[in-house]
Amino acid sequence: MSSKPLAYILSTGMAVPKKVLTNHDLERMVETSDEWITERTGIKERHILEDGEVISTYAIEAGKACLSSAGVAPEEVDLIICATLTPDFLMPSLAILVQKGLKAERAGAFDLSATCSGFLYALAMANCVVAFKPSSKVLVIGAEALSRKTNWQDRSTCVLFGDGAGAVLVGRAQEGMNSGIIDFILGADGSNWELLTLKGGGSAFPPFDERLPKEDYYIKMQGREVFKVAVRMMEKVALELLERNNLNPEDIDLLIPHQANLRIIEYLRERLNLPKEKVMVNIHKYGNTSAASIPIALHEASLEGRLKRGDLVLMVSFGGGFTFAGVLMRW
Ligand code: ACO
């Protein structure tokens, strides 16, 4: 490990809506069963917004908790990056609403869209900002309201998603600290983009455009095909990051994968030959919260005492597009 000071995570925070939708609730909405959902995905329940609620409320709450845990005042934040594909509005951005909500008066703010890989993309950007300007404090938030883009009549997707927000504060580690981002991979492959889409509401098909079927205003997915892409990408990113840093899977203290499907996580765990205790899993409680899944998992891992300063942490994700990403760090 280099002694060079690196960008590291000072603190974490999270917030999810109070409303819980269980698999049994879904049994009353579509033709499905708790048994099918549990077996095929590992999900038992998910939190979703109540009617009238907005995801910025939770992004702000997660940001507040994160700053308070680091003892950093909102006016000390230089930049806010919100990874999301479901902001409250297209304009202003979610990050601007967070900037206002936190009263982070000095901070720049922008949204980053890279689907489920958005948080790791944003973390990599924060790393670059801190490397260029060492005194920077960057608040990185993954926040998602997928329930608002879910077709509640489509049983193949509506059982998967949940809403929530997770936040981390990124700053420069002190000289000699064994903490910080070591390396990252950001990748994309648009050749199969039609396997996972949310077409309606963009500029190709503005809202209420009658050329587009109603279902295309919601997330559409060819699940089995996406599954195959996901396992291939997650394994490739994980192995490449380890190999080019002369590390082996057994060096990992905690793997934090994007929480999309327990079977995808298990596949990756087996390929890396890791024991269960080295893999963070909380999909049973939240479902797939897209860009929020890794920061929520990080926060819970930290609360559960599963992260000690200096631990080797590998985070990997994939998402619609397709995007994929990995970040390797010492906690
Ligand atoms: N309840 C009961 N049966 C169901 C349900 C359901 N909720 N959904 C599908 N089925 C049925 C299908 O109709 C099919 O029936 P058939 O055999 O009679 O045709 C059968 O179950 C098997 O369907 P598959 O789609 O093959 O099931 P699979 O084991 O692949 O699981 C799943 C589906 C969970 C969607 C899986 O493919 C998956 O997790 N894929 C990856 C999804 C993902 O990770 N997406 C991430 C990106 S999300 C984002 O970016 C926002």
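Only a single criterion out of (1) at pLDDT 95 or above; (2) touching a Leu at 6+ places or on another chain (Cβ under 9 Å); (3) open to solvent by 10 Å² or more (accessible area, probe 1.4 Å) is not satisfied by residue 177, namely (1).
Candidates are the residues of region 113-166 that are β-branched (Val, Ile, Thr) and more than 19 Å from residue 183 (Cα to Cα); the one that is farthest from the ligand (Cβ to nearest atom) is 141.
Looking at region 280-289 only, could you name the residues that are open to solvent by 10 Å² or more (accessible area, probe 1.4 Å) and more than 21 Å from residue 86 (Cα to Cα)?
281, 284
Checked against the criterion of being outside any helix (DSSP H, G or I) and of a type in the set (Lys, Arg), region 29-51 contains one or more residues that satisfy it.
When region 291-331 is filtered for residues that are under 21 Å from residue 241 (Cα atoms), within 16 Å of the ligand (Cβ to nearest atom) and either assigned to a helix (DSSP H, G or I) or basic (Lys, Arg) (or both), the ones remaining, listed by number, are 291, 293, 294, 295, 297.
Results for (1) within 11 Å of the ligand (Cβ to nearest atom); (2) crowded, with 17+ Cβ neighbours inside 10 Å, shown as yes or no for each residue.
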{"site": "202", "(1), (2)": "no, no"}
{"site": "226", "(1), (2)": "yes, yes"}
{"site": "262", "(1), (2)": "yes, yes"}
{"site": "268", "(1), (2)": "no, yes"}
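Conditions (1) away from the ligand (no atom under 16 Å from the Cβ); (2) closer than 28 Å to residue 262 by Cα; (3) touching a Ser or Thr at 6+ places or on another chain (Cβ under 9 Å); (4) not assigned by TED's automatic domain parsing to the domain that holds residue 309, marked per residue:
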| site | (1), (2), (3), (4) |
| --- | --- |
| 12 | yes, yes, yes, yes |
| 15 | yes, yes, yes, yes |
| 31 | no, yes, no, yes |
| 34 | no, yes, yes, yes |
| 43 | no, yes, no, yes |
| 48 | no, yes, yes, yes |
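Residues in region 77-106 that are of a type in the set (A, V, I, L, M) and surrounded by fewer than 16 Cβ atoms within 10 Å (Cβ to Cβ): 2 in all.
Filtered by the rule that a residue be acidic (Asp, Glu) and touching a residue at least 40 places away in the same chain (Cβ under 8 Å), region 12-40 gives a lone residue, 31.
The values are calculated or read from the model by the stated rules, or taken from the named source; none is laboratory data. Fair warning: this is a prediction, and the values are worked out from it, not measured in the lab. Virtual Cβ from ideal backbone geometry, glycine too; neighbours counted across all protein chains shown. Surface areas here come from the heavy atoms of the whole protein model, side chains and all, with no ligands, DNA or RNA. Shrake-Rupley method; radii C 1.70, N 1.55, O 1.52, S 1.80 Å.
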